[in-house]
Amino acid sequence: DVKVTQSSRYLVKRTGEKVFLECVQDMDHENMFWYRQDPGLGLRLIYFSYDVKMKEKGDIPEGYSVSREKKERFSLILESASTNQTSMYLCASSLAVIVEETQYFGPGTRLLVL
Amino acid sequence: GDSVTQMEGPVTLSEEAFLTINCTYTATGYPSLFWYVQYPGEGLQLLLKATKADDKGSNKGFEATYRKETTSFHLEKGSVQVSDSAVYFCALSERNAGGTSYGKLTFGQGTILTVHP
């Protein structure tokens, strides 16, 4: 069965802290994605990766960075957390094929920055 | 750039009612269109998709037809159940000229559906 897991369901951090959100997939997918979900705004793409050590900016990369050292793991890093980064963060993965493949999502991490 | 617009929510229906959630899109290329569903406390999961004009996607009694002439992909179900209560997202993935896209999705804002017994 397809599985995308995220390291935490809920996280509370202080302003200025460095925050790591981890995502692991067990499907040998090439593509991995980080989104944030906010009410009324849907999901917005932060970063994505199409191969190990490769990354591309999405629509809202400011204040975030990512790391992909292994194919199955994609980390989102908040270098210095701010209150406007309070949100739900969703990780997803998909196969790399010519025709678009389904994205499989993790359960999400709800981050509160105080 | 690409964009997806969904009907404003929330939508509240009685069980067995007919459901329509409107979705329109703007894209410059040849998008594939998706409906994802998010049940309470869970991540998103694919509900259905269509990859070219006039295709109909269907799953679990839900249907949506890719209408290029009206740039729409409206979601319908003939008889909703309480278990259909969820947030529904319309999304598109656009291919570039080479036929690849990395699968990046552009989402609508989501529509909350609540079905009462």
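The values are calculated or read from the model by the stated rules, or taken from the named source; none is laboratory data. Keep in mind that this is a model prediction, so the values were computed, not measured. Don't worry about glycine lacking a Cβ; one is built from the backbone with ideal geometry, like all the others, and counts go over all protein chains shown. For the accessible areas, the whole protein counts, side chains as well, though only heavy atoms, and no ligand, DNA or RNA atoms are used. Shrake-Rupley method; radii C 1.70, N 1.55, O 1.52, S 1.80 Å.
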To the nearest 10 Å², what's A:ASP28's accessible area with a 1.4 Å probe?
100
Surpassing 31 Å at the alpha-carbon level, of the pairs A:LYS57/B:LYS60; A:LYS70/B:LYS77; A:LYS70/B:LYS56; A:LYS57/B:LYS68; A:LYS18/B:LYS49, are A:LYS57/B:LYS60; A:LYS70/B:LYS77; A:LYS70/B:LYS56; A:LYS18/B:LYS49
Compute the projected area of the convex hull of the Cα atoms of the protein assembly as shown, averaged over all viewing directions, and report it in nm² to one decimal place.
12.5
Given the C-alpha atoms of chain A, compute the convex hull and give its volume per residue in Å³.
100
Using 1/(1 + (r/R0)^6) with R0 = 41 angstrom and r between the beta carbons of A:ILE60 and B:GLU76, what's the FRET efficiency to the nearest 0.05?
0.80
Between the stretch A:1-80 and the stretch B:50-71, what is the C-alpha centre distance in whole Å?
30
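Leaving out ligands, DNA and RNA, and with a 1.4 Å probe, what % of the accessible surface on chain A is carbon or sulfur?
51
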Chain pair B, A: how much accessible area is buried, both chains summed, with a 1.4 Å probe, in Å² to 100?
1800
In debye, nearest 20: dipole of the stretch B:1-56 around its Cα centre with unit charges on the Cβ of K, R (+) and D, E (-)?
220
Rounded to whole Hz, the Karplus (6.51, -1.76, 1.60) HN-Hα couplings of the stretch B:35-49, x for glycine and proline
10, 10, 10, 10, 7, x, x, 10, x, 7, 9, 5, 9, 6, 8
Return, ordered by residue number, the residues of the stretch A:54-75 whose backbone nitrogen is under 17 Å from a label point located 7 Å along Cα→Cβ of A:LEU41.
A:58-65
Please return the longest stretch of chain B lacking exposed loop sites, where trypsin sites (Lys or Arg not before Pro) count only if DSSP places them in a loop and at most 16 other Cβ atoms lie within 10 Å.
B:1-51
Check each of the GluC sites (Glu not before Pro) in the stretch A:27-114 and keep only those in coil by DSSP with at most 10 other C-beta atoms within 10 angstrom; list them in order.
A:GLU62
Magnitude of the charge dipole, the stretch B:1-113, Cβ model with Lys/Arg +1 and Asp/Glu -1, debye to 20
380
What list of whole percents do you get for P(r) of the stretch B:40-100, with Cα-Cα distances grouped in 5 Å bins up to the one holding the largest distance?
4, 15, 24, 23, 17, 10, 5, 2, 0
Quick one: compute the contact order of the stretch A:13-75, relative version, from alpha carbon pairs under 8 angstrom and 6+ residues apart, as a percent.
33
Please list, in order along the stretch A:76-86, the HN-Hα scalar couplings obtained from phi with the Karplus expression 6.51 cos²θ - 1.76 cosθ + 1.60 (θ = phi - 60°), rounded to whole Hz, x for Gly and Pro.
10, 10, 9, 4, 8, 4, 10, 4, 6, 9, 5
Could you report the protein assembly as shown's accessible area per residue, 1.4 Å probe, as an integer in Å²?
48
